[in-house]
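Undergrad: Please find one structure pasted underneath; my questions will follow.
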């Protein structure tokens with residue numbers, strides 16, 4: 001095992017000793033109880049099974065058959081989640097064949113950031129994660145289940161489901177993905193049209209045609225943003241069946257994997273099993289310090305979404321585990337970059353899967369001593385099964401697994417640990433007198449890792465776009481968009497800023513973005529210091545910046561600084577945002593319902609959690 005991986009894991013374990021033990025003690029108190037229908041009153045049981053067929057009632061009550069919960073994020077607004085429409089019937093049939101019963105315990109909200117980009121609805125996006133966690137808890141609160149199947153893929157949905165499920169840590173849980181859409185217009189070609197539109201070279205008709213060619217069918221968007229990073233991390237934590245993340249929704253293997261997930265959930269839920277033997281896997285035991293580190297390593301090795309420096313802090317906290325951005329940064333110093341998938345490469349996730357996919361990455365990291373292998377997963381007491389590739393068995397209906405080829409299927413997309421794209425990971429911690437931030441260096445050419453230029457300050461992305469259209473940014477510039485943190489407006493993603501900044505960069509200017517908002521896994525080729533903490537509304541130093549201040553963003557040495565004399569900097573007052581900018585934006589579309597979350601939310605580095 002790599003010494004840095006071991007030392008970071010040990011540090012996390014020591015830091016989390018008290019909170020983790022409290023979590024495990026609470027889990028143990030629930031694990032030893034009688035089955036739900038045996039400990040509940042008769043009226044409770046009758047309500048729980050009232051709508052079920054008579055034979056299912058008999059199985060649950062008299063035969064003591066295993067009873068599975070399904071928590072689904074199905075809606076047909078999200079292309080990634082639309083395939084889940086048919087899953088309950090498939091899962092129910094698979095369970096019946098094995099003598100078990102199933103109920104859809106509940107649904108969780110699932111919004112599409114692609115729909116709400118640059119619009120007021122995006123200000124609900126980050127907080128939707130904790131609403132999903134709450135909805136998961138409500139679904140499982142009926143407390144009659146022996147295990148749960150969690151159906152979710154996209155940005156806030158998987159972290160929300162995982163946080164909610166971890167508060168039922170005694171339950172075995174298996175995540176069931178639905179797969180990416182087929183490849184359409186390439187991500188790089190789509191980005192070019194966006195930049196042309198921002199520059200006024202093409203019109204809305206051409207832009208809509210390009211976007212519709214990129215996002216064109218059922219399945220996850222094919223760039224390596226938060227949704228697909230979610231899937232990589234679940235594979236690395238052993239919460240999926242091996243290799244199930246990136247199989248297309250309409251591939252016959254997809255249904256076979258879903259049925260196999262039912263079989264696995266039943267196998268790890270049997271009473272009388274043991275964690276040590278790998279035939280009992282409560283999610284609170286699966287998600288331990290080693291699993292969290294494995295997820296962090298997988299994120300870094302693939303250049304995944306920066307959103308997970310928020311989400312996985314929250315996920316870990318839900319299991320009593322305390323991590324921070326310094327842990328990510330130290331791991332990044334030893335984890336090699338093994339994948340080049342858009343935006344840190346030209347390939348999409350389908351090409352990533354064809355080259356070897358998550359299984360190849362996990363195998364390379366395990367063999368290099370960069371992941372913990374001896375961990376509990378839904379597939380046993382080792383992570384090694386996650387290195388295998390799912391295929392259809394000889395019967396053409398069921399899933400089987402085989403070893404991956406020793407070499408990558410495309411070294412332009414995926415490489416082994418002995419010859420990586422970079423010796424270090426894709427993310428970098430920045431710190432200095434402007435606070436702490438992160439940058440996705442894997443997406444940015446090396447000649448742009450250090451930017452020093454005068455700042456231009458904006459309090460909204462709309463103001464920045466107006467300045468761009470007016471030609472006010474035609475120079476070397478560090479664009480600062482502040483008052484975009486969790487307390488201010490729910491920390492929206494600011495992807496609409498990428499095309500104009502890319503246009504300026506394409507003209508030869510030195511350009512960077514600094515913000516207390518988010519940019520996700522699709523931040524693109526413009527250097528961006530994001531998630532700046534403390535945020536401006538909380539009195540963070542971004543609120544001290546003034547137009548013209550020289551700002552240095554150094555992705556090599558990890559610095560984010562305003563080059564202002566120390567005495568002058570200390571004497572400056574923090575700017576205040578206009579109250580109406582906080583209170584009125586989004587009025588009438590539900591934003592006001594989230595005011596309590598904005599008041600109570602923790603910082604981005606603390607996971608932006610609202611439930612502590």
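Undergrad: Those residues that are in a loop (DSSP other than H, G, I, E, B), in contact (Cβ under 8 Å) with a residue 12 or more places away in the chain, out of contact with any strand residue (DSSP E or B) (no Cβ under 8 Å at 6 or more places or on another chain) and within 30 Å of residue 444 (Cα to Cα), I need them from segment 364-410; list them, please.
TA: 368, 369, 370, 371, 372, 409
Undergrad: Residues that are under 30 Å from residue 226 (Cα atoms), part of a helix (DSSP H, G or I) and either assigned by TED's automatic domain parsing to the domain that holds residue 339 or under 30 Å from the mean Cα position of the chain (by Cα) (or both): does segment 521-532 have at least one?
TA: The answer is yes; a qualifying residue exists.
Undergrad: In addition: Determine which member of the set 437, 455, 417 is over 26 Å from residue 603 (Cα atoms), touching a residue at least 40 places away in the same chain (Cβ under 8 Å) and either surrounded by fewer than 23 Cβ atoms within 10 Å (Cβ to Cβ) or assigned by TED's automatic domain parsing to the domain that holds residue 539 (or both).
TA: Just one listed residue meets the conditions, 417.
Undergrad: Do you know which residues across segment 101-127 are out of contact with any helix residue (DSSP H, G or I) (no Cβ under 7 Å at 6 or more places or on another chain) and under 19 Å from residue 225 (Cβ atoms)?
TA: 112, 114, 115, 119, 121
Undergrad: Could you tell me which numbered condition residue 157 fails, if it satisfies all but one of (1) within 21 Å of residue 262 (Cβ to Cβ); (2) crowded, with 24+ Cβ neighbours inside 10 Å; (3) in contact with a strand residue (DSSP E or B) (Cβ under 8 Å, 6 or more places away or on another chain)?
TA: Condition not satisfied by residue 157: (3).
For every residue, the table says whether it meets (1) in the same structural domain as residue 596 (by TED's automatic domain parsing); (2) surrounded by fewer than 20 Cβ atoms within 10 Å (Cβ to Cβ); (3) touching a helix residue (DSSP H, G or I) at 6+ places or on another chain (Cβ under 8 Å); (4) without any contact (Cβ under 8 Å) to a residue 60 or more places away in the chain.
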position	(1), (2), (3), (4)
460	yes, yes, yes, no
464	yes, no, yes, yes
474	yes, yes, yes, yes
493	yes, no, yes, no
497	yes, no, yes, yes
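Undergrad: Can I ask one more? Quick check: is even one residue across segment 128-139 more than 17 Å from residue 227 (Cα to Cα), surrounded by fewer than 18 Cβ atoms within 10 Å (Cβ to Cβ) and in contact with a strand residue (DSSP E or B) (Cβ under 7 Å, 6 or more places away or on another chain)?
TA: Yes, the conditions are met somewhere in segment 128-139.
Undergrad: A further question on this structure: Would you pick out the residues in segment 36-65 that are within 23 Å of residue 93 (Cβ to Cβ) and assigned to a loop (DSSP other than H, G, I, E, B)?
TA: Correct list: 50, 51, 52, 53, 62, 63, 64, 65.
Undergrad: Exactly one of (1) more than 15 Å from residue 292 (Cα to Cα); (2) crowded, with 24+ Cβ neighbours inside 10 Å is unmet by residue 331. Its number?
TA: (1)
Undergrad: Quick check on residue 82: is it modelled with pLDDT of 95 or more, closer than 30 Å to residue 371 by Cβ and in the same structural domain as residue 374 (by TED's automatic domain parsing)?
TA: Against the criterion (modelled with pLDDT of 95 or more, closer than 30 Å to residue 371 by Cβ and in the same structural domain as residue 374 (by TED's automatic domain parsing)), residue 82 does not qualify.
Undergrad: For segment 81-101, give me the residue count where each residue is more than 19 Å from residue 398 (Cα to Cα) and without any contact (Cβ under 8 Å) to a residue 60 or more places away in the chain.
TA: 2
Undergrad: Here is a check on your reading of the model: is residue 217 over 16 Å from residue 347 (Cα atoms), surrounded by fewer than 16 Cβ atoms within 10 Å (Cβ to Cβ) and touching a residue at least 60 places away in the same chain (Cβ under 8 Å)?
TA: Answer is yes for this residue.
Undergrad: Hey, does segment 197-220 have a residue that's at pLDDT 95 or above, touching a strand residue (DSSP E or B) at 6+ places or on another chain (Cβ under 7 Å) and assigned to a loop (DSSP other than H, G, I, E, B)?
TA: Within segment 197-220 (the criterion being at pLDDT 95 or above, touching a strand residue (DSSP E or B) at 6+ places or on another chain (Cβ under 7 Å) and assigned to a loop (DSSP other than H, G, I, E, B)), the answer is yes, since at least one residue qualifies.
Undergrad: Which members of segment 248-286 meet the condition of being touching a helix residue (DSSP H, G or I) at 6+ places or on another chain (Cβ under 6 Å) and farther than 14 Å from residue 398 by Cβ?
TA: 249, 275, 283, 284
Undergrad: Being part of a helix (DSSP H, G or I) and either touching a strand residue (DSSP E or B) at 6+ places or on another chain (Cβ under 9 Å) or closer than 24 Å to residue 113 by Cα (or both) is the filter here; which residues of segment 501-520 pass it?
TA: Hits for segment 501-520 are 501, 502, 503, 504, 505, 520.
Undergrad: Got a sec? Which strands (runs of 3 or more DSSP E) wholly within segment 83-185 have at least 3 residues that are within 22 Å of residue 286 (Cα to Cα)?
TA: So the answer is 147-151, 173-175.
Undergrad: Another one. In the set 208, 185, which member is free of Cβ contacts under 8 Å to residues at least 12 places away in the same chain and over 30 Å from residue 317 (Cα atoms)?
TA: 208
The values are calculated or read from the model by the stated rules, or taken from the named source; none is laboratory data. Quick caveat: nothing in here was measured; it's all calculated off a predicted structure. Positions of Cβ are generated from backbone atoms using ideal geometry, with glycine treated the same way; all protein chains shown enter the neighbour counts.
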